Amino acid sequence: MACSSCGADNQIEYDSEIAIRLRKKVDSPAVFVSRALLVCLLCGFTEFTVPESELGLLAYSATATNAFGVAYDS
């Protein structure tokens with residue numbers, strides 16, 4: 001499979017655990033996703049897919065209310 005960024009055929013798959021949280025909301029809860037990363041060993045471009053079950057958690061965390069009653073928005 002060729003790299004989506006540089007077109008090189010030099011990619012390797014790694015197991016990973018990724019914590020995803022809203023960028024501007026450092027106090028928002030993280031969603032942990034265990035997925036395979038596909039890394040290009042030439043340019044470093046990396047891609048992964050978030051499972052459907054975790055997509056719901058990400059959507060919820062984007063609209064959840066914090067302890068001070070302030071709603072998060074995306």
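Kindly list, by first and then second residue, each pair from a residue in the stretch 30-54 that is under 12 Å from D9 (Cα atoms) to a residue that is of a type in the set (F, W, Y) and part of a strand (DSSP E or B), limited to pairs with Cβ atoms under 7 Å and residues at least 6 apart or on different chains.
Filtered contacts from the stretch 30-54: V39/Y14.
Under the condition of being of a type in the set (F, W, Y) and under 25 Å from C3 (Cβ atoms), which residue from the stretch 28-74 is modelled with the lowest pLDDT?
That would be F48.
For the stretch 8-25, give me each residue that is over 16 Å from T49 (Cβ atoms) and surrounded by 11 or more Cβ atoms within 10 Å (Cβ to Cβ).
Answer for the stretch 8-25, where residues must be over 16 Å from T49 (Cβ atoms) and surrounded by 11 or more Cβ atoms within 10 Å (Cβ to Cβ): A8, N10, R21, L22, K25.
Take A8 and decide whether it is in a loop (DSSP other than H, G, I, E, B) and at pLDDT below 70.
No.
Considering only residues that are part of a strand (DSSP E or B) and within 10 Å of the chain's Cα centre (by Cα), look in the stretch 35-56 and name the one that is surrounded by the fewest Cβ atoms within 10 Å (Cβ to Cβ).
If we take residues in the stretch 35-56 being part of a strand (DSSP E or B) and within 10 Å of the chain's Cα centre (by Cα), then E47 is surrounded by the fewest Cβ atoms within 10 Å (Cβ to Cβ).
Go through (1) exposed (fewer than 11 other Cβ atoms within 10 Å of the Cβ); (2) in a loop (DSSP other than H, G, I, E, B) and name the single condition S28 misses.
It fails just one condition, (1).
The values are calculated or read from the model by the stated rules, or taken from the named source; none is laboratory data. Because the structure is predicted, anything quoted here is derived from the model rather than measured. All Cβ positions, even for glycine, are placed from backbone atoms using ideal geometry, and neighbour counts span all protein chains on display.
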